[in-house]
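Enquirer: I'd like to ask you about the structure that follows.
The values are calculated or read from the model by the stated rules, or taken from the named source; none is laboratory data. Given the structure is predicted, the values throughout are model-derived calculations rather than measurements. Please note: Cβ atoms are built from the backbone with ideal geometry, for glycine as well, and neighbour counts cover all protein chains shown.
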Amino acid sequence: MGDSLSNLGTPKVDAIEKQNTTGRMTPILEFDPNDGILLEIMNQVMAGAEPGIPIYAELRDSGDNDLPLDTDLVVRYEAPAMDQPQVVSEVMQNIRPYRTLNITEQQSTDYIDQVRQPLKGQKVQVRPMDTLEVAIDSSTQIDWSNSRLDFARQHVNIGSYNR
């Protein structure tokens, strides 16, 4: 465990920054494992009482303003046979932690419960043909030139996938 997973991607996992459509749940970031790679996101937290994957983020618009407080955020999974992505996390219905805490504060164990995103199972496994995405429902579009999103590295496993 301990591989980096962010909007910058890795040599083994492509990260595709997307432009959201305002007023409906749409992806802002897709993770696609390269051929032969299995991506696992673990539903655990370093501290705190509840499970979840800590997600650290600065979510800003083209004016360098924070996205609106009432922006909803989810993690979704999509496999080739699915008609639409499946939500695999609880819905974060208020992104206040990303507006009030900087990245360093978000990574502190004092605030970990505010930025963790509980998953619906013990882990999410993403094969090379699948996609993991972070999606939002916001009245404003994200601007990736001044935004950032990272999954807590302790809860990400990038390994081998054998068909």
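Enquirer: Filter segment 64-80 down to residues that are crowded, with 20+ Cβ neighbours inside 10 Å and aliphatic (A, V, I, L, M), then give me how many there are.
Expert: Summing the residues that are crowded, with 20+ Cβ neighbours inside 10 Å and aliphatic (A, V, I, L, M) in segment 64-80 gives 4.
Enquirer: Let me ask something else about it. If you scan segment 115-124, which residues turn out to be of a type in the set (S, T, N, Q) and crowded, with 17+ Cβ neighbours inside 10 Å?
Expert: Filtering segment 115-124 down to residues of a type in the set (S, T, N, Q) leaves 117, 122.
Result: GLN117, single match.
Enquirer: While we're on this one: Is there any pair with a first residue in segment 141-158 that is farther than 14 Å from GLU58 by Cα and a second that is modelled with pLDDT under 90 and part of a strand (DSSP E or B) whose Cβ atoms are under 7 Å apart and which are 6 or more apart or on different chains, and what are they?
Expert: Hits for this filter: VAL156/LEU5.
Enquirer: Right, ASP61: surrounded by fewer than 18 Cβ atoms within 10 Å (Cβ to Cβ) and at pLDDT 95 or above or not? Spell out the reasoning first.
Expert: On the way: surrounded by fewer than 18 Cβ atoms within 10 Å (Cβ to Cβ): yes; at pLDDT 95 or above: yes.
The answer is yes for ASP61.
Enquirer: While we're on this one: So, in segment 70-123, of the ones that are charged (D, E, K, R) and without any contact (Cβ under 8 Å) to a residue 12 or more places away in the chain, which residue ends up nearest to ALA152 (Cα to Cα)? Don't jump to the end; show me each part of the working.
Expert: Applying the first criterion (charged (D, E, K, R)) to segment 70-123 yields 70, 72, 76, 78, 83, 90, 96, 99, 105, 110, 113, 116, 120, 123.
Of the ones still in play, those that are also without any contact (Cβ under 8 Å) to a residue 12 or more places away in the chain are 83, 105, 110.
Working: ASP83: 29, GLU105: 13, ASP110: 15 Å.
The extreme case among them is GLU105.
Enquirer: If we keep just the residues of segment 128-163 that are charged (D, E, K, R) and more than 19 Å from LEU8 (Cα to Cα), which is surrounded by the fewest Cβ atoms within 10 Å (Cβ to Cβ)?
Expert: First, pick out the residues of segment 128-163 that are charged (D, E, K, R): 130, 133, 137, 143, 148, 150, 153, 163.
With more than 19 Å from LEU8 (Cα to Cα) added as a condition, the list becomes 137, 163.
Working: ASP137: 18, ARG163: 6.
This residue is ARG163.
Enquirer: In segment 4-44, what residues are under 11 Å from ARG127 (Cα atoms), in contact with a Lys or Arg (Cβ under 8 Å, 6 or more places away or on another chain) and outside any strand (DSSP E or B)?
Expert: Listed by number, the list holds a single entry, ASN34.
Enquirer: For segment 81-90, check the following and say yes or no: at least one residue is modelled with pLDDT of 95 or more, surrounded by fewer than 19 Cβ atoms within 10 Å (Cβ to Cβ) and not in a loop (DSSP other than H, G, I, E, B).
Expert: yes
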